[in-house]
Amino acid sequence: MTCPPASLLPLFAQTTSGSNGALITFLVYTAAVFVIAWYSNRLQQKKESFLSEYFLGSRSLGTWAFALTFAATSASGGTFTGFPSLVYAHGWSVALWISSYLVVPICGLGLLAKRINQVARIGGSITVPDVFRDRFQSARFGLLATLLIVFFMTFNLVAQFKAGAEILRTLLQDVGIFQWARAELARFDATQLHLFAARDIEPGYVICLLAFAAAVIVYTTYGGFHAVVWTDVMQGLVMVMGVLIMLPLALYQVGGLESATREMAKMTPPRVIDARLSLETASDSAYPIPTGTWLTLPPQEGSELPRLLRVSRQRTIPAGQTSVDNVPLLELTTPSEIERQLSRLAVPVEELNGPLTVEVTRTLDYRYGKDQPGVYVTGPGPQAPNRSLSPEEQPASSGFLPLSLAISFFFMWAISGAGQPSNMVRQMAFNSTTTLRRSIFTVAIYFSLIYFPIVLIFCCARVLLPGMDEESDRIMPEMAVFLTSAVNQPWLAGVLIAAPFAAVMSTVDSFLLMISSAIVRDFYQRNINPEVSESRIKLMSYAVTFVVGAGAMFAAVSPPRFLQDIIVYTGSGLASCFLIPMVVTLYWPRVTLAGAMAGMLGGFLSHLSLYVIGYVHYSEFRALKPLGIDPIIWGLATSLLLTLAVTPLTPQPPRKLIERYFMKQAPRKASVTT
Amino acid sequence: MNSGSPAPGAATEYDPVFLNSRREAIVTLAIWALSLAWVVPYCYFTGYVQDGNEFKPEQLQTVLGMPSWAFWGIAVPWVVANIVTAWFAFVYMADDDLGEVHEGLDIEEEIAEISAHDRKA
């Protein structure tokens with residue numbers, strides 16, 4: 001990065017140390033991943049098979065690389081944004097939601113890894129569609145798998161780019177140089193481009209998207225699989241370090257876990273309020289009311305405590321006007337929480353509102369948990385109302401995580417994770433069973449150090465940072481800044497808030513490479529031009545990775561609606577399509593091409609149809625859940641039943657294939673040996 | 001299409017890596033099922049407020065600062081799962097030879113063979 005002009009230097013000086021930490025973290029990160037990409041590219045030059053090295057790292061991964069790339073790819077941006085947000089919003093019941101991670105390592109690596117690695121070696125497979133194509137000697141099956149991967153992962157890639165840009169924007173929002181660049185881009189757009197404002201696109205988001213995408217696309221394109229794996233290792237270490245630093249700081253600040261849990265036991269959910277905020281006289285300039293502003297109202301009847309409310313989204317009283325309507329506020333309802341927050345604010349209650357007058361215009365109660373102490377330490381957890389609906393329109397809720405969903409999630413995390421092609425391809429890349437055995441245990445320890453401690457940290461956050469229920473996606477960076485400032489080490493915030501950034505980066509690079517391998521290897525080389533030269537395939541691999549990344553970035557500038565729902569759809573859709581076909585491919589000699597393809601198509605169509613019916617029924621991107629069970633389970637059940645039904649109706653598979661993949665035989669002469 | 005019966009002189013013994021992997025996969029599923037049987041029912045019956053029961057904050061039982069249902073229903077199974085995982089990885093799982101890589105065969109020939117197979121099918 002070039003030095004800023006002198007006029008910008010005060011902007012650097014004005015930023016807090018924590019914010020500068022975020023900027024420095026991002027720059028150090030970018031530099032580190034480029035070094036890794038450069039080193040990986042040098043490795044490629046030394047290998048005999050470019051494709052095997054670029055897309056599979058020549059099957060040479062050792063324990064640390066394999067364990068951490070598996071763990072880091074599994075832990076997407078959601079682990080450090082959505083998951084902490086859920087803990088904050090629903091309390092201890094989220095521990096049950098995530099609990100199946102206790103068996104994710106053994107399920108994710110014990111079900112398929114050894115056998116898929118062996119089968120990929122027998123067939124010389126480099127990608128997941130390769131495995132199906134070689135095992136059944138069917139180009140059609142390979143093509144079907146390729147199309148499904150490209151279909152699902154393209155959507156997911158756009159969504160992950162958006163998540164990466166949003167996280168970066170959160171990290172950089174207080175950095176002076178970033179604020180300056182955002183303002184400049186907005187000005188340029190208003191006078192020249194006319195692109196962003198007209199489409200309601202925030203210029204800061206565009207800057208972050210470009211920075212994030214440029215870093216990921218360049219290092220993934222240039223470095224290939226090895227760059228992805230080694231950046232995953234680095235990112236995996238950053239994630240665990242972030243959690244392990246935050247945990248003792250959080251426990252210290254809250255006065256121990258016992259204290260946090262006891263406080264949470266007394267808590268009742270906040271009230272959701274719309275208010276009119278007024279000034280006595282109109283101001284000459286706009287009067288901003290930032291997110292996080294605390295306001296107060298006189299005590300309610302029978303109470304001595306003043307009412308305490310927090311602004312959930314910034315609003316501005318325009319110049320020349322005296323009020324602004326529909327300001328979203330959250331009102332704390334637990335007396336001990338109000339007392340604690342008032343003492344923290346260190347401003348007399350009567351001075352809290354400043355020149356503002358607060359007039360409540362609408363109150364919404366929680367759909368589950370209203371006035372119920374204990375709802376944050378027992379199940380089901382509280383459920384917030386939908387602000388866009390009137391009180392009468394709020395749908396009934398049985399709280400966060402009813403029993404049927406608890407079972408669904410126990411199934412989803414542990415079993416469907418094994419069905420993700422991005423995990424499968426990693427399982428084809430380790431070098432020996434010894435590596436696999438050590439990795440299973442390493443991942444188990446790694447997940448234990450990440451997931452359960454996050455529950456503890458963000459239960460503490462509920463006590464330490466009240467009133468953030470409506471912006472709980474930002475709880476991770478807020479908590480990082482709070483904890484490090486409290487111990488007077490604000491520079492640490494940059495390291496801590498790098499964790500979510502690392503998580504989303506390690507997911508994006510894997511998806512990017514999956515899509516380009518599907519296009520170059522599975523589609524082009526195997527269906528269009530088998531005679532393609534090594535140098536051409538090399539050029540194509542670089543070009544396709546770059547073009548796919550750039551395409552996803554442009555799509556993410558103005559992402560489609562329902563993006564978060566699409567992430568859920570693609571994750572469960574991939575498992576519905578791939579898990580059962582892969583299990584029977586590896587473990588059932590009798591399965592036929594027709595049976596396995598029926599399973600893949602059946603999983604895809606049944607899962608898709610529940611979403612289509614849900615869309616028609618609810619008029620939004622929402623799946624129908626018969627018997628309260630998630631579509632992934634219906635998809636997997638359909639896939640299994642169709643495979644079991646179609647296989648016996650079709651002739652036995654060729655004996656030659658069974659012998660090749662299932663029978664003991666003398667080792668074949670290999671042309672490439674690792 | 002070829003029949004499933006073995007040709008004269010063909011291998012008739014299953015590959016030990018296949019057999020070991022399948023056995024290990026079945027044990028993995030059993031471990032998942034046992035953990036489900038412990039975690040979800042325990043948390044549901046001890047950690048969920050059932051209809052008609054009122055929660056009183058002072059009655060909350062904790063162990064090491066966690067609600068006791070989360071300690072016995074999630075934290076303890078998590079530790080046990082790690083011990084079982086260590087046993088599975090270091091004791092139970094066979095240290096199999098995964099074989100050599102057969103990549104780099106003439107891809108054109110291989111594709112021609114697969115296409116012919118598809119047409120036949």
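The values are calculated or read from the model by the stated rules, or taken from the named source; none is laboratory data. What you are looking at is a predicted structure, and each value in this text was computed from that prediction instead of being measured. Ideal geometry is used to build each Cβ from the backbone, glycine not excepted, and the neighbour counts take in all protein chains shown. Note: areas computed on protein heavy atoms with side chains; ligands, DNA, RNA excluded. Shrake-Rupley method; radii C 1.70, N 1.55, O 1.52, S 1.80 Å.
A few remarks follow.
- Segments classed as helices (runs of 4 or more DSSP H), wholly inside region A:116-202, with at least 1 members that are of a type in the set (Gly, Ala, Ser) and farther than 16 Å from residue A:557 by Cβ: A:139-172, A:176-188
- Qualifying residue in region A:412-432 (condition: without any contact (Cβ under 8 Å) to a residue 24 or more places away in the chain, within 12 Å of another protein chain (Cβ to nearest Cβ) and closer than 26 Å to residue A:110 by Cα): yes
- For residue A:358: the one exception among (1) outside any loop (DSSP other than H, G, I, E, B); (2) at pLDDT below 95: (2)
- When residue A:313 is tested against the conditions (1) surrounded by 13 or more Cβ atoms within 10 Å (Cβ to Cβ); (2) modelled with pLDDT of 90 or more, the lone failure is (2).
- Cβ-Cβ under 6 Å pairs, at least 6 apart or on other chains, region A:580-598 side within 12 Å of residue A:119 (Cβ to Cβ), far side of a type in the set (D, E, K, R) and surrounded by 21 or more Cβ atoms within 10 Å (Cβ to Cβ): A:585/A:135; A:586/A:115
- Residue identified as assigned to a loop (DSSP other than H, G, I, E, B), modelled with pLDDT of 95 or more and surrounded by fewer than 18 Cβ atoms within 10 Å (Cβ to Cβ) among B:7, B:94, B:86, B:33: B:94
- In the condition set (1) in a loop (DSSP other than H, G, I, E, B); (2) of a type outside the set (S, T, N, Q); (3) open to solvent by 60 Å² or more (accessible area, probe 1.4 Å), residue A:244 is compliant with all but (1).
- Tally of residues being over 31 Å from the mean Cα position of the chain (by Cα) and closer than 19 Å to residue A:218 by Cα across region A:509-537: 1
- Residue within region A:250-267 that is assigned to a helix (DSSP H, G or I), under 30 Å from residue A:161 (Cβ atoms) and open to solvent by less than 10 Å² (accessible area, probe 1.4 Å) present: no
- Among the conditions (1) within 15 Å of residue A:413 (Cβ to Cβ); (2) surrounded by fewer than 24 Cβ atoms within 10 Å (Cβ to Cβ), residue A:85 misses just one, which is (1).
- Check on residue A:472, touching a residue at least 60 places away in the same chain (Cβ under 8 Å) and in contact with a Leu (Cβ under 9 Å, 6 or more places away or on another chain): yes
- Yes/no for residue B:68 being within 7 Å of chain A (Cβ to nearest Cβ) and at pLDDT 95 or above: no
- Residues within region B:40-65 that are facing another protein chain (nearest Cβ under 7 Å), not in a loop (DSSP other than H, G, I, E, B) and not β-branched (Val, Ile, Thr), tallied: 5
- Residue in region A:434-454 that is over 18 Å from the mean Cα position of the chain (by Cα), buried (at least 24 other Cβ atoms within 10 Å of the Cβ), in contact (Cβ under 8 Å) with a residue 60 or more places away in the chain and not in a helix (DSSP H, G or I) present: no
- Note on region A:478-520: residues that are under 30 Å from residue A:270 (Cα atoms) and at pLDDT 80 or above amount to 10.
- Contacts under 9 angstrom Cβ, first residue in region A:192-219 being farther than 13 Å from residue A:172 by Cβ, partner at pLDDT 85 or above and hydroxyl-bearing (Ser, Thr, Tyr), 6 or more apart: A:196/A:205; A:217/A:545
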